[in-house]
1. Select from region 65-102 the residues that are in a loop (DSSP other than H, G, I, E, B) and basic (Lys, Arg) and write down the one among them that is modelled with the lowest pLDDT.
2. Kindly list, by first and then second residue, each pair from a residue in region 239-259 that is closer than 24 Å to Arg415 by Cβ and within 16 Å of ligand 1 (Cβ to nearest atom) to a residue that is not basic (Lys, Arg) and not in a strand (DSSP E or B), limited to pairs with Cβ atoms under 7 Å and residues at least 6 apart or on different chains.
3. Can you tell me which of (1) closer than 21 Å to Val166 by Cα; (2) at pLDDT 95 or above; (3) among the charged types (D, E, K, R); (4) surrounded by fewer than 16 Cβ atoms within 10 Å (Cβ to Cβ) is the one Glu42 doesn't meet?
4. Restricting to region 187-211, count the residues that are assigned to a helix (DSSP H, G or I) and closer than 21 Å to Pro481 by Cα.
5. Which residue pairs have Cβ atoms closer than 9 Å, lie 6 or more positions apart in sequence or on different chains, and pair a first residue in region 410-433 that is aliphatic (A, V, I, L, M) with a second residue that is open to solvent by less than 30 Å² (accessible area, probe 1.4 Å) and assigned to a loop (DSSP other than H, G, I, E, B)?
6. Which of the residues belonging to region 366-397 are out of contact with any strand residue (DSSP E or B) (no Cβ under 9 Å at 6 or more places or on another chain), open to solvent by less than 60 Å² (accessible area, probe 1.4 Å) and either within 21 Å of Gly219 (Cα to Cα) or of a type in the set (D, E, K, R) (or both)?
7. Here is a list of conditions, (1) open to solvent by less than 10 Å² (accessible area, probe 1.4 Å); (2) under 22 Å from Gly338 (Cα atoms); (3) within 16 Å of ligand 2 (Cβ to nearest atom); (4) not aliphatic (A, V, I, L, M), and Asp299 meets all of them except one; can you say which number that is?
8. Does region 296-319 contain at least one residue that is under 27 Å from Phe513 (Cα atoms), more than 16 Å from ligand 1 (Cβ to nearest atom) and touching an Asp or Glu at 6+ places or on another chain (Cβ under 8 Å)?
Amino acid sequence: MAHLLDPAGDLETTLDDAGLKNSSVREYVRHWAELTGAQRVEVVGAADDARLIEESLAAGEIQHAGAGRYYARSYAKDTARSEERTIVATANPADAGVYNNWHPSSKMRPLLEDRMRGASAGKTMYVVPYLMAPPGSPLEPYAVGVELTDHRTVALHMIRMARCGVEYVNDLAEPEKFVRGVHVTGDLENLGQGTPGDQRYFVTFADERTILHFGSSYGGNALLGKIAHGLRQASYDGWASGEFLAEQFMLIGVTDKQTGRTWHICGGFPSASGKTNLAMMLAPDSLRDRYHVEFYGDDIAWLRVDPEDGKIYAINPEFGVFGVAKDTNEVTNPTALGSVAPGTHVLFTNVAYNEHTGDVWWEGRTPVPPADLSGWRDWTGQLISERSEADKDKPWAHPNSRFTTSLRNVPNIARDFENPKGVPIDAIIFGGRTRDREPLIRAITDLAEGVYDGLTLGAEATFAAEGVDGQLRYDPMSMRPFMSYPEGAYAAHWLRIIGAAKVKPIFAHVNWFQRDPDDGHFLWPGYRENLRPLLWLLKLKDGEVQGRRTPVGIVPTEEELDVGGVDIKPEDLHKVLSIDSDRWTVEMTRREQHLAKFDGLPEEIWAAHRRVAEALAAEVD
Ligand code: OXD
Ligand code: MN
């Protein structure tokens, strides 16, 4: 049922008809409908999906991509998150950190209101009440939100990525406690994206639990439940309440079918480090009979200590996957392909599209693009067959093209993914893309050293493009773009939350991307085989293996790592399990400079840094 407001209509009747009872939510809707000048208001939830899909198809906003699959293109200058235009605003200048791009809310509020005033004229404002948690979670009070958006495709994404409906806001113990997210698209063709006159602003008013995003309909900027609430707002809430951590982490379960024992691992990886592939990984064929890997989430985890058993529990607050399509194929991520199969109601964005067959394609889907060009259009809508000579080698899909699909579609979704309590965490891992220095895995048993490792996480700058070749672009805990409060306090909060656990998880740093310095080949085969170092880690935690102590952690001995059936040369195996102390010593100087930027970094973190540096120095001497 549609809940509409025509210009002369009565908003109260619209909200009544939608069953929206929470008076604080109603007041909020009223305020922003007036300010943005929306012509109609419509309250939507999961039950409206089929109708919204039909309307979007009829309006030409999306197209069929085979049975039960859909396709949309975005405006060509609106295809990625904009970190420079993303701001955390609060009343307290002490909330400014190195990465959170802090500005006073007294300055940002009027700026955003000015841009949004009247900017939804003639449009429908969709009211999307949502929950970023499995229902009944102890963290539910932090998970309730209402996104107002003037873009129908954004509503369709929200319905896939969060649990949506009025039931999530109607009976709140504290009716005014919900995150207020307002998304106004703006006139995309006249916003000066990426120029000095850029009009866009993506602001989280963290101490007011309000998110105002103007000037984009791309998912990472417009799905306010996911990144702005699920990470920026939630990490601020977790810190302010002292109750939890909200991190850009994947979350998986590993079951030993022989013993019935299940472990859970979560962890952070900077962009383009294979986090989604790892999260959706299956056991390699030779270990399939023994181990089963289950998927909980690929992008966000909220962690808290359970007061009853003192363990760390994690939930994935999301309800879907907003995955990068590029390079997804039967080898890299077969479960992702399963999760976008016909009938999944997946929404593809900015991939290549065949208007005759409804097929979609992206770089890396198959080794070469489809040979028969008829009907194929690139992500900008241009016919491939009509490309000019100059354009003929351009990618068909945008490198940040996406698939948006519900968790339920993931073939190896964990049986208990809706468990409100979450799952107990055995290991927290960090990993970037590093061509040398970082071994396949190094385990860290000390809490401060584990947090220190997360804070010094980074991804290697690629040649020329982003900086000096081989140097890390630091991305603490993979939260650099989502930091909402100062890094020193962030580290202290981590030490406090995990320190309060009676049963501590083990930490580890992993790297699947070491290369041979001579011919550049990857030393480790990666993908499903990545389960092997993780199994070693779990055994180490359980005291079944001892590993080899090094200044930077415990690495597996060659005998301990099960590589049965893996195609790897002995010298490559030796290399990925070795520590290059000279190379590490260079890295330690850079780490020191990186950490020195953070005011108030806890002494425990500096002490951890010194311990590692001294142990390395002793080796080099
Ligand atoms: C991201 C995402 O941009 O998850 O990190 O989409
Ligand atoms: Mn992410």
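1. Taking region 65-102 and keeping what is in a loop (DSSP other than H, G, I, E, B), we get 65-68, 73-85, 91-92, 96-101.
Filter once more, so that each one left must be basic (Lys, Arg): 73, 77, 81, 85.
Details: Arg73: 97, Lys77: 95, Arg81: 91, Arg85: 96.
Among those that are in a loop (DSSP other than H, G, I, E, B) and basic (Lys, Arg), it is Arg81.
2. From residues that are closer than 24 Å to Arg415 by Cβ and within 16 Å of ligand 1 (Cβ to nearest atom), the pairs are Glu247/Met477; Glu247/Met479; Phe249/Ile300; Met250/Leu278; Met250/Ala279; Met250/Asp298; Met250/Asp299; Leu251/Asn316.
3. Unmet for Glu42, out of (1) closer than 21 Å to Val166 by Cα; (2) at pLDDT 95 or above; (3) among the charged types (D, E, K, R); (4) surrounded by fewer than 16 Cβ atoms within 10 Å (Cβ to Cβ): (4).
4. 3
5. Val410/Met280; Val410/Asp298; Val423/Ala414; Ile425/Ala501; Ile425/Pro505; Ala427/Pro505; Ile428/Pro505; Ile429/Phe269
6. If the condition is that a residue be out of contact with any strand residue (DSSP E or B) (no Cβ under 9 Å at 6 or more places or on another chain), open to solvent by less than 60 Å² (accessible area, probe 1.4 Å) and either within 21 Å of Gly219 (Cα to Cα) or of a type in the set (D, E, K, R) (or both), then Arg387, Asp391 are the ones that fit.
7. The number of the failed condition is (1).
8. Restricting attention to region 296-319, the residues satisfying the condition of being under 27 Å from Phe513 (Cα atoms) are 296-301, 316.
Filter again for more than 16 Å from ligand 1 (Cβ to nearest atom), leaving none.
No; the residues of region 296-319 include none that is under 27 Å from Phe513 (Cα atoms), more than 16 Å from ligand 1 (Cβ to nearest atom) and touching an Asp or Glu at 6+ places or on another chain (Cβ under 8 Å).
The values are calculated or read from the model by the stated rules, or taken from the named source; none is laboratory data. As the structure is a computational prediction, the values presented were derived from the model and not from experiment. Ideal geometry is used to build each Cβ from the backbone, glycine not excepted, and the neighbour counts take in all protein chains shown. Each accessible area value is taken on the protein alone, full model and side chains, heavy atoms only, with ligands, DNA and RNA left out. Shrake-Rupley method; radii C 1.70, N 1.55, O 1.52, S 1.80 Å.
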